[in-house]
1. Which members of the stretch 9-28 meet the condition of being in a helix (DSSP H, G or I), on the phi < 0 side of the Ramachandran plot and in contact (Cβ under 8 Å) with a residue 60 or more places away in the chain?
2. Return the residue satisfying two criteria in turn: it lies in the stretch 168-192 and is in a helix (DSSP H, G or I) and buried (at least 17 other Cβ atoms within 10 Å of the Cβ), and of such residues it is nearest to the ligand (Cβ to nearest atom).
3. Kindly establish whether G197 is more than 21 Å from A92 (Cβ to Cβ), assigned to a loop (DSSP other than H, G, I, E, B) and modelled with pLDDT of 95 or more.
4. Quick one: in the stretch 102-161, of everything that is part of a loop (DSSP other than H, G, I, E, B) and under 15 Å from the mean Cα position of the chain (by Cα), which residue is nearest to L35 (Cα to Cα)?
5. Could you identify the single residue in G93, G55, G66 that is of a type outside the set (D, E, K, R), on the phi > 0 side of the Ramachandran plot and assigned to a loop (DSSP other than H, G, I, E, B)?
6. Against the definition (within 16 Å of the ligand (Cβ to nearest atom) and without any contact (Cβ under 8 Å) to a residue 24 or more places away in the chain), how does A195 come out, yes or no?
7. For the stretch 210-232, what are the residues that are among the aliphatic types (A, V, I, L, M) and more than 14 Å from the ligand (Cβ to nearest atom)?
8. Within the stretch 29-40, how many residues turn out to be part of a loop (DSSP other than H, G, I, E, B) and more than 8 Å from the ligand (Cβ to nearest atom)?
Amino acid sequence: SRPLAGKVALVTGGSRGIGEAIALRLAADGAAVALTYVSRADRAEQVVKEIERSGGRAWAVRADSGDAGEVWASVAGAVERFGRLDILVNNAGVGVLGPFEGISLEDVDRVLRTNVRAPFLAAQAAAAHLAEGGRIISIGSCMAERVAFPGGTLYATSKAALTGLTKTLAKELGPRGITANLVHPGPIDTDMNPADGDSAELQAGLTALGAYGRAEDVAATVAHLAGEGGRYITGASIAVDGGFAV
Ligand code: NDP
């Protein structure tokens, strides 16, 4: 079955990792998928080709989430390309970890622009196009819910901000039949957080399941929220974290 047939999704940071898995999953469920990337045009093109090989429709656009104009252009581009917009997935994000004292002003601005301002602006731009049944899904982090080790001030600040955005969007857009939700991944094996990285054993040990998750695990929950099963879920923060925040 293709529960998202006829729908159009925009996935930011859809070229690799969790965003790639979300793009592939929403396409497998029948949605036409626009995806953004910033540096890896090659990987973005691979995702598009894979979707097209399976008979789906996809389009990749370079859009630096740190640049407001490019964020707006990506939303407008998706609508122009596919004629409508039903699902926005704010996935693109960057992590800068390290002692609080050493975080530079440049880091603060770059992380907040990418992880907070871009989801805000994309939601604003998307809301102008979303109809009844529309979905805004943002990717937060388990570090917004449980700070298990030091070094995450900037990252946790940026991800916790999405809780405020999600709850208020739910209130403001609810009357239009549009939902807004936040998904908090735990340690997921990607380029950003490889399951064979230096702190991988520590992170896995902090989950109840004692293991890393896969990008597809996050994509499955996003697909649920995007589909009919998500129609009565809004303003929620849903952990896909193996029990990290428990
Ligand atoms: P990756 O670093 O593996 O992939 C990041 C993706 O985002 C890439 O597609 C990248 O594009 C894109 N991206 C990065 N910066 C920008 C930007 N400025 N503008 C546009 N696109 C950008 O990350 P993950 O897949 O691991 O993470 C995805 C999301 O999940 C992030 O928000 C992250 O914070 C969150 N998360 C991840 C966890 C994990 O353990 N992996 C845990 C909790 C949350 P390109 O390929 O062009 O570089």
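The values are calculated or read from the model by the stated rules, or taken from the named source; none is laboratory data. A quick note: this is a predicted structure, and the numbers were derived from the prediction, not measured. Positions of Cβ are generated from backbone atoms using ideal geometry, with glycine treated the same way; all protein chains shown enter the neighbour counts.
1. Of everything in the stretch 9-28, those that are in a helix (DSSP H, G or I), on the phi < 0 side of the Ramachandran plot and in contact (Cβ under 8 Å) with a residue 60 or more places away in the chain turn out to be I18, G19, E20, A21, I22, L24, R25, L26.
2. L169
3. The answer is no for G197.
4. Of everything passing the filter in the stretch 102-161, G140 is nearest to L35 (Cα to Cα).
5. Of G93, G55, G66, the one residue that is of a type outside the set (D, E, K, R), on the phi > 0 side of the Ramachandran plot and assigned to a loop (DSSP other than H, G, I, E, B) is G55.
6. Answer is yes for this residue.
7. Listed by number, the residues that qualify are A220, A223, L225, A226.
8. 3
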